[in-house]
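Scroll down for the structure; my scribbles are underneath it.
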Amino acid sequence: MEITRITPQAFDTHFPNATCFNQAAFNLLNSDLCDDLHCLLFGDTKVRLGLIAGQRGSSLMAPFSAPFGGFSTTDSKIRITYIEEAVTLLEKYATQTGINRMEMILPPLFYDTAFLTKVMQVLHEQGWSMQDIDLNFYVDLVSTTEANHFGMTYSARKHLKKASAHPFQLKKGTSVDDLSLAYDIIAENRSSKGYTLSMSKDRLMATSEVVHMDSFLLELEGQYVASAIVYQVTPAIPQVVYWGDIPGFEPFRTMNFLTKAVIDTYRNEGFKMLDTGTAMIESSPNHGLCAFKESIGCDILPRCRFVKELR
């Protein structure tokens, strides 16, 4: 195989169904966060794999500004030998480019179990070290059914029953104003806990022009009390980027109502999985958030960060 550097626009023509984080528009939007953008193809008689990575100093990162990145492919059953050769070519390319460190954060396995398992094995085999294992939660929208209470714990079902006694109204946002309001609600939630959002509102609004986003607003007696912002990462998998409620409404079990409503919306729309993101504080589990996500019916898989130091 050979490795070829191409333009971001040309990259998309080879991988039209890549995750939104592995597409040109998203990476070009965030290219101010790296020194150089590398769009790479790996192939012989046909393109086998692709990679978009950002260079910062002497480090090459895939992703450089996203929850995950890594290789793109159009064939989940790609032979392991192609992945092995691609990683070898990538390391050689990096060395020739003056790069001495590479980093890759892979999507959690439910995005493409067969392919990602192969990539993990190859990276391990070729000396990449696993630096982080983040806990990534998701809801299998097909296997969780009313018959098994949608995977919720008994406690969560009790909280949902209590929440359902209140006249909540859910609105799925249809405008940039709805998205802006959803962001403000979540920002208020984080501020009350002493946190700030990792993404500014301006960056979020700019991202909404290149990534399909849904916003959800939960209303109670004329006041919006909770919200969620969701990316459509692939045609089959949306990802919750943020959700939260306004301080003081916890006794109404607002989040139990909101999370169930969001999950039901995507189940009814025919999506296969809902990625609800990680539950980490830096490299350690956020135990309260982990417990909440499991209580509402989430399963869990690792999201792994691999690093290779080049000599």
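We did not get these values from a lab; they are worked out from the coordinates using the rules stated. None of the values given here were measured: they were computed from a predicted structure. Glycine gets a Cβ as well: all are built from the backbone with ideal geometry, and neighbour counts include every protein chain shown.
Distance from the Cα centre of the range 186-222 to that of the range 239-301, in angstrom?
15
Enumerate the calculated ³J(HN,Hα) couplings along the range 66-72 in order (Karplus 6.51 cos²θ - 1.76 cosθ + 1.60, θ = phi - 60°), each rounded to whole Hz, writing x wherever the residue is Gly or Pro.
6, x, 7, x, x, 5, 10
Lysine pairs in the range 178-310 with alpha-carbon atoms under 24 Å apart, 8 or more places apart or on different chains: how many are there? Intermediate values should be presented prior to the final figure.
Details: Lys193/Lys201; Lys193/Lys260; Lys193/Lys293; Lys260/Lys272; Lys260/Lys293; Lys272/Lys293.
Taking the range 178-310 as the scope, the lysine pair count is 6.
Return the distance in nm (one decimal) between the two label points of a simple spin-label model at Asn100 and Val176, each offset 7 Å from Cα along Cα→Cβ.
Placing both labels 7 Å beyond Cα along the Cβ direction yields 4.5 nm.
So what is the calculated 222 nm ellipticity per residue for the chain, using -39500 (n - 2.57) for each DSSP H run with n of 4 or more, over all residues, to the nearest 500 deg cm²/dmol? Before the final figure, lay out the partial values.
Details: 9 runs with 101 residues, N = 311.
After summing the helix terms and dividing by the residues of the chain, the value is -10000 deg cm²/dmol.
On the Cα set of the range 204-311, report Rg and Dmax in Å, please.
Final numbers for Rg and Dmax: 15.9, 63 Å.
Per the Cauchy relation, a quarter of the hull surface: what is the mean projected area of the convex hull of the alpha carbons in the range 2-127, in nm²? Mind dumping the intermediate values first?
On the way: hull surface 27.6 nm².
In nm², the orientation-averaged hull projection of the range 2-127 is 6.9.
What FRET efficiency, computed as 1/(1 + (r/R0)^6) with R0 = 25 Å and r the Cβ-Cβ distance, is obtained for Ser143 and Ala165, rounded to the nearest 0.05? Intermediate results must be reported in sequence, preceding the final value.
Values: r = 29 Å, r/R0 = 1.16.
It comes to 0.30.
By counting other Cβ atoms within 10 Å of each Cβ, how are Ser65, Ser198 ranked from fewest to most? Walk me through the numbers on the way to the answer.
Details: Ser65 18, Ser198 9.
Ranked by crowding around the Cβ, least crowded first: Ser198, Ser65.
Mind checking the angle between helix 80-96 and the chain's longest principal axis? C-alpha axes, 0 to 90 degrees, to the nearest 10.
So the helix axis and the longest Cα principal axis differ by about 70 degrees.
In whole Å and largest first, what semi-axes does the C-alpha gyration tensor of the range 110-241 yield when each eigenvalue is scaled by 5 and square-rooted? It would help to have the intermediate numbers written out before the result.
Working: eigenvalues 195, 104, 48 Å².
Sorted largest first and rounded, they come to 31, 23, 15 Å.
What's the exposure ranking of Leu37, Leu289, going from fewest to most Cβ atoms within 10 Å? Mind showing how you got there, number by number?
Working: Leu37 20, Leu289 17.
Ascending Cβ contact count within 10 Å gives the list Leu289, Leu37.
Could you tell me the distance between the Cα centroids of the range 106-121 and the range 56-81, to the nearest Å?
11
Mind telling me which of Ala62, Ala86, Ala206 comes out most flexible in a GNM of the chain, alpha-carbon contacts under 10 Å?
It is Ala206.
Working from Cα positions, state the angle (0 to 90°, nearest 10) between the long axis of helix 154-163 and the longest principal axis of the chain.
Approximately 60 degrees, to the nearest 10.
Quick one: net charge of Met104's neighbours, Cβ under 9 Å, K/R +1, D/E -1? Walk me through the numbers before you get to the answer.
Details: positive: Arg305, Lys308; negative: Glu103.
After counting each charged neighbour, the total is +1.
By counting other Cβ atoms within 10 Å of each Cβ, how are Asp245, Asp140 ranked from fewest to most? Show your work: numbers first, answer last.
Values: Asp245 25, Asp140 15.
Listed from fewest to most nearby Cβ atoms, that is Asp140, Asp245.
Evaluate the Kirkwood expression for the hydrodynamic radius of the chain, namely the inverse of the mean inverse distance over all pairs of different C-alpha atoms, and round to one decimal in Å.
Working: mean 1/r = 0.0485 Å⁻¹.
So the Kirkwood estimate lands at 20.6 Å.
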